[in-house]
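Step one of this worksheet: look at the structure below.
Values quoted throughout were computed directly from the atomic coordinates according to the rules given, and no laboratory measurement underlies them. Note that the structure is a prediction, hence the values are computed from the model and not measured. Glycine also receives a Cβ, built like all others from the backbone with ideal geometry; neighbour counts cover every protein chain displayed.
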Amino acid sequence: MRLFIDTGNVAEVEEIAAWGILAGATTNPSLLAIEADDPGEIVRRICDLVGGPVSAEVVSAEPEGMIAEGRALRELHEHVTVKVPFCKAGLAATHALTAEGIPVNVTLVFSANQALLAAGAGATYVSCFMGRLDDISIDSGQVVAEIVECFRAGGVTSQIIAASMRHPEHVITAARLGCEIATVPAKVLGQMLEHPLTTAGAERFRTDWESRPEFVEWLAGLVERRAAVVGA
Ligand code: E4P
């Protein structure tokens, strides 16, 4: 399963792109609305940083408006995927934009039926919001499992994005169920790093090594001698 970052914050993308784990990103109007910078600049910068698909969302309610916004957003950067909310107008816009070769991420999908409709309209990606399903006491794992099963059984090629990830367990569920992608906020990506045994283990390795000062000196010398030879 590929990992996207779900954010409108360039600094977060800068930090996490350096980990080498990001295959793409998703933004949404709410995430961009809390940032000070120009939304177009943010989207372009995130595109450059992740070097993969970055979703930028339309906000019109009518298909014509969605299509016009989608074409304009796509021109911001070659990595832009146009994000379209699930609804009748969104399906029509998805159909039109994909016919022009523009990749579309249909968002706000909460059921297998909606996912099948989005895929039928030509969506490259279908985003199912796990956290928001759990918020209303619907088992998000079951909904995602249904979508995966329906897509596999019918040979549907749209990729499933598990979205609205609230904690690391959502990411594991999405991966186990066979989602192609999970789009994850920086906070949850940070939580995925954590394990007390890793922290304690690293600390133990360091103190054991430092208990032998001649070893510390030896390794520093090794690095210095190499730098003297290669000039770095
Ligand atoms: C997905 O593309 C959305 O931007 C996002 O995952 C929504 O998450 P939320 O429910 O935490 O707002």
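Label positions at residue 68 and residue 216, each projected 7 Å from the Cα along the C-beta direction, are separated by 6.7 nm. Full extension of the segment from residue 228 to residue 75, taken as 0.36 nm per residue of separation minus the current Cα-Cα distance, would add 50.3 nm. Compute the angle between helix 213-230 and the longest alpha-carbon principal axis of the chain, please, reported from 0 to 90 degrees and rounded to the nearest 10. The angle comes out near 70 degrees. Taking label positions 7 Å along the Cα-Cβ direction at both residue 30 and residue 207, the computed distance is 4.4 nm, reported to one decimal.
Other residues whose C-beta falls under 14 angstrom from the C-beta of residue 163 contribute a net charge of -1, scoring Lys and Arg +1 and Asp and Glu -1.
Dipole of the chain, Cα-centred, from +1 at each Lys and Arg C-beta and -1 at each Asp and Glu C-beta, to the nearest 20 debye?
Working: 17 positive and 30 negative charges, 107 e Å.
My answer is approximately 520 debye.
Applying the Karplus relation 6.51 cos²θ - 1.76 cosθ + 1.60 with θ = phi - 60° to the range 94-101 yields 3J(HN,Hα) values of 4, 4, 5, 5, 5, 5, 8, x Hz, where x marks Gly and Pro. Length gained on full extension, residue 199 to residue 41: 53.1 nm, using 0.36 nm per residue less the C-alpha separation. Taking the Cα centre of the range 1-111 as reference, the dipole from Cβ charges on Lys and Arg (+1) and Asp and Glu (-1) amounts to some 440 debye. Of 148, 32, 84, whose Cα points farthest to the positive end of the dipole of the chain (charges on the beta-carbon: +1 Lys, Arg; -1 Asp, Glu; origin at the Cα centre)? Going by the charge dipole, the pick is 148. Both radii were evaluated on the Cα set of the range 1-151; the Rg over Rh quotient, with Rh as the Kirkwood radius, amounts to 0.96.
Excluding the sites themselves, what is the longest stretch of the chain that contains no GluC sites (Glu not before Pro) in a DSSP loop with at most 13 other C-beta atoms within 10 Å? Don't skip to the answer; put the middle values down first.
On the way: sites that count: 75, 78, 100, 194.
Excluding the exposed sites themselves, the longest stretch runs over 101-193.
Placing unit charges on the Cβ atoms of the charged side chains and taking the dipole of the chain about its Cα centre, the candidate lying farthest along the positive direction among 118, 137, 189 is 118.
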